[in-house]
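Computed from the coordinates by the stated procedures, all read-outs in this text should not be read as laboratory data. Being a predicted model, the structure only gives us computed values, none of them experimental. Please note: Cβ atoms are built from the backbone with ideal geometry, for glycine as well, and neighbour counts cover all protein chains shown.
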Amino acid sequence: MSELSISNLQVSVKLPDGELKPILAGVDLTVRAGETHAIMGPNGSGKSTLAYSIAGHPRYEVTGGSVTLDGQDVLAMSVDERARAGLFLAMQYPVEVPGVSVANFLRTAKTAIDGEAPKLRTWAGELRGAMEKLQMDPAFAQRNVNEGFSGGEKKRHEIMQLELLKPKIAILDETDSGLDIDALRIVSEGVNRVREQGDTGLLLITHYTRILRYIKPDYVHVFVGGRIVEAGGSELAEQLETTGYERYLAGAGPAS
Ligand code: ADP
Ligand code: MG
Ligand code: MG
């Protein structure tokens with residue numbers, strides 16, 4: 001059983017003038033395969049910083065604590081090594097990849113993660129199947145990665161990767177933002193399919209509660225001021241829907 005373990009993680013963002021601005025103030029979280037966790041918190045609380053630091057983004061400097069995947073030190077790995085170890089971070093490839101089609105990109109990623117190329121015939125079927133389930137036009141596979149993708153296409157591409165690459169742990173940051181209600185449902189169904197297979201641990205990061213109407217997390221963590229301030233079950237998300245984050249903000253220090 002895979003396990004991502006985040007312990008007392010402290011992270012600063014590197015400002016352009018070289019100064020370090022502390023954002024994460026000691027995050028503790030364990031995500032196991034088969035579990036679905038939601039991190040919810042107000043804007044600017046450091047949710048994306050958490051995701052980016054686990055992804056290995058160079059702008060974020062870890063100043064304390066640890067992140068391990070099945071006991072291996074994630075923070076010592078290159079970005080590629082993190083992906084090969086089984087970590088999926090939706091923001092890992094947010095950029096346009098000129099001249100690389102979706103189909104080639106996915107096959108290359110799959111090959112890198114599995115250590116061998118997928119069999120052409122079965123792979124083509126898997127790719128087609130994944131696209132059908134997400135109600136995507138087959139022509140999408142021939143488009144260049146992220147080139148002119150709409151918000152919804154980016155998110156579907158993200159979930160397509162999730163379904164095809166079968167990571168051990170997946171972190172999805174604001175997967176629900178900018179989706180209309182139909183796209184949200186389709187994307188959520190994709191996440192639920194991955195979840196039902198039971199091999200992936202999911203960490204959904206979100207500002208809104210609406211995606212949690214479609215995906216019921218096993219655990220909800222409230223994230224304020226760079227740390228988890230409360231944890232509970234999916235009922236906590238329902239509470240937040242009515243109360244908002246206000247009651248947590250009083251003791252959280254200056255809002256940034
Ligand atoms: P969230 O995802 O919860 O909205 P972020 O992790 O994006 O929060 O941001 C947390 C805090 O870190 C904010 O105050 C934000 O302004 C600051 N921050 C994040 N990235 C940078 C950056 N590149 N430069 C300056 N400040 C940043
Ligand atoms: Mg934000
Ligand atoms: Mg964010």
For R227, distant residues with modelled amide H under 5 Å away: A25
Could you identify which residue out of P16, P42, P58 has the top mean-square fluctuation in a GNM of the chain using Cα springs shorter than 10 Å? P16
Using just the alpha carbons, could you tell me how many Å³ per residue the convex hull of the chain encloses? 130
Which of these, L240, L50, L89, has the largest mean-square fluctuation under a Gaussian network model of the chain (Cα springs below 10 Å)? L240
Under a Gaussian network model of the chain whose springs join Cα atoms within less than 10 Å, the largest fluctuation of E241, E19, E147 belongs to E19
Note to self, the chain gives a 222 nm [θ] from helices alone (DSSP H runs n ≥ 4, -39500 (n - 2.57) apiece, / all residues, nearest 500) of -10500 deg cm²/dmol
Quick one: angle between helix 120-133 and the longest Cα principal axis of the chain, in degrees between 0 and 90, rounded to 10, please. 60
Of the DSSP beta bridges with both residues in the chain, give the percent that are antiparallel, rounding to the nearest 5. 60
Which Cα, out of V191, A109, L162, lies furthest along the positive dipole direction of the chain (beta carbon charges, K/R +1, D/E -1)? A109
Lys/Arg Cβ at +1, Asp/Glu Cβ at -1, dipole of segment 136-256 taken about the Cα centre: which of L249, V229, S150 is farthest positive-ward? V229
When the Cα centres of segment 131-173 and segment 12-75 are compared, how far apart do they sit, in Å? 24
Among DSSP beta bridges whose residues both lie in segment 126-256, state the antiparallel percentage, nearest 5. 50
Given charges at beta-carbon only (K, R positive; D, E negative), |dipole| of the chain in Debye: 380
Listed pairs K21/K47; K133/K166; K110/K168; K47/K154; K133/K155; K119/K154 exceeding 18 Å between Cα atoms: K47/K154; K119/K154
